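The values are calculated or read from the model by the stated rules, or taken from the named source; none is laboratory data. Predicted, not measured: the structure shown is a model, and the values here were computed from it. Cβ placement follows ideal geometry from the backbone for every residue including glycine, while neighbour counts extend to all protein chains displayed.
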Amino acid sequence: MTLRFLTGGESHGEQLTVILDGIPAGLKVREEDLLVDLRRRQGGHGRGGRQAIERDAAHIVSGVRGGLTLGSPITLEIQNRDWENWHQVMAVSEAEVKRKPITRVRPGHADLAGMLKYGADDARDVLERASARETAARVAAGSVVKLLLGEFSIAVRSYTRAIGGVDARIPVPIDWEVVEASPVRCPDPDAASAMVAAIDAARAQGDTLGGAFTVVASSIPAGLGSFRQWDTRLDGLLAQAVMSIPSCKAVSIGDGVEAAGLPGSQVHDVPDFEDGRLRHRSNRAGGVTGGVTDGEEVVVHGFLKPISTMLKPLDTVDLKTREPARAHYERSDICVVPAGGVIGEAMVALVLAGALLEKFGGDSMPELHRNVESYLQAVRA
């Protein structure tokens, strides 16, 4: 079985739509189940005025009947409340649309590359789809697959590990209640306070900040993914999924970056039996070895550049006049790292759910449960 999803919609269009295909029949899904992560995505210190306008909620249009999935494609819609202010600018009809072309492209944004690619003379035609607003649809889809993973006690969580020049000290174990109570979703209270101060300072200077988040998936069975081809390796799929998040410029799995500077004797995870159960003494590989899950927590780090829309715009050129100019300003955030972690959860969950369904199959939840349990009994033996 193949799990796949497609999103549609523009940042200031009427709505976002996501179609999620491949969820087995019989999974309990309610609209209120999808609210939590959508609200978490909108939060975090450093977010801009758009979040005060939107109250994201996913409306289930198809694929669910009586609270249970049917096995058919699930369609979710998220209304853009800001559409009321943009319905003329973003009108579908040629007779109704009002254009004010944007030609002062923003450095670091998709404006210039997109205009060159599609032959556009207005950056609005590019930035509306390139906007991170699209990730609300991904988070909605991720919320559905989290319900699926939860059937097998798999949890996918995230935390902020760095913002600007502030790095957190990550406690072991992580207190997830502390993370969710933090204004920047950081498990280190002292670092969290410093991160808030750094964001406030950047706002005062008309600047933006990037940083890093970590996604942790627990209770992952060994054997998801494959090394048979380059595009079946789970670490590659995870990297592509997280890298696709707007502003993400690097991905690391486990101690990937740190391991590059260490000898092998300090890197590789030694297997051992603990109370009769096969485990590893460490998890520097981040739960993926040879493109296959090894039974440990899957740990993925995403690194976000500072977003490219700034209160004090950078120098650029005007593509119409070909003269130097100041970049266009579009209402935006100061820091999106806390929200980036929530989006990262969705992307990691979608990849893991896809790998789970690919390995175990099953058109219904009872069938999937039987297949998973049979495999786990064999592995434990």
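Somewhere in the stretch 215-238, is a residue part of a loop (DSSP other than H, G, I, E, B), basic (Lys, Arg) and touching a helix residue (DSSP H, G or I) at 6+ places or on another chain (Cβ under 8 Å)? Checked against the condition, which is being part of a loop (DSSP other than H, G, I, E, B), basic (Lys, Arg) and touching a helix residue (DSSP H, G or I) at 6+ places or on another chain (Cβ under 8 Å), the stretch 215-238 yields no hits at all.
Every condition in (1) small (Gly, Ala, Ser); (2) at negative phi; (3) in contact with a strand residue (DSSP E or B) (Cβ under 6 Å, 6 or more places away or on another chain); (4) touching a residue at least 60 places away in the same chain (Cβ under 8 Å) holds for GLY13 except the one numbered (3). Within the stretch 337-365, being crowded, with 17+ Cβ neighbours inside 10 Å and modelled with pLDDT under 95 holds for one residue alone: GLY362.
In the stretch 221-261, which residue that is among the β-branched types (Val, Ile, Thr) and in contact with a Ser or Thr (Cβ under 8 Å, 6 or more places away or on another chain) is farthest from PRO306 (Cα to Cα)? Looking at the filtered set, the residue picked out is THR232.
In the set (1) in a loop (DSSP other than H, G, I, E, B); (2) surrounded by fewer than 20 Cβ atoms within 10 Å (Cβ to Cβ); (3) in contact (Cβ under 8 Å) with a residue 40 or more places away in the chain; (4) over 20 Å from the mean Cα position of the chain (by Cα), ALA120 fails one condition alone, (3). Taking the numbered list (1) part of a helix (DSSP H, G or I); (2) closer than 22 Å to ALA132 by Cα; (3) free of Cβ contacts under 8 Å to residues at least 60 places away in the same chain in turn, VAL251 passes all entries but (1).
From the list GLY71, GLY108, GLY46, GLY13, the lone residue that is in a loop (DSSP other than H, G, I, E, B) and more than 30 Å from ASP122 (Cβ to Cβ) is GLY71.
What do you reckon, is ALA197 more than 21 Å from the chain's Cα centre (by Cα), free of Cβ contacts under 8 Å to residues at least 12 places away in the same chain and assigned to a helix (DSSP H, G or I)? For ALA197, the condition - more than 21 Å from the chain's Cα centre (by Cα), free of Cβ contacts under 8 Å to residues at least 12 places away in the same chain and assigned to a helix (DSSP H, G or I) - is met. Could you tell me whether VAL61 is modelled with pLDDT of 95 or more and either basic (Lys, Arg) or within 30 Å of GLU330 (Cβ to Cβ) (or both)? Yes. Determine whether the stretch 342-350 contains at least one residue that is over 28 Å from ASP269 (Cα atoms), among the small types (Gly, Ala, Ser) and touching a residue at least 12 places away in the same chain (Cβ under 8 Å). Scanning the stretch 342-350, I find no residue that is over 28 Å from ASP269 (Cα atoms), among the small types (Gly, Ala, Ser) and touching a residue at least 12 places away in the same chain (Cβ under 8 Å), so the answer is no.
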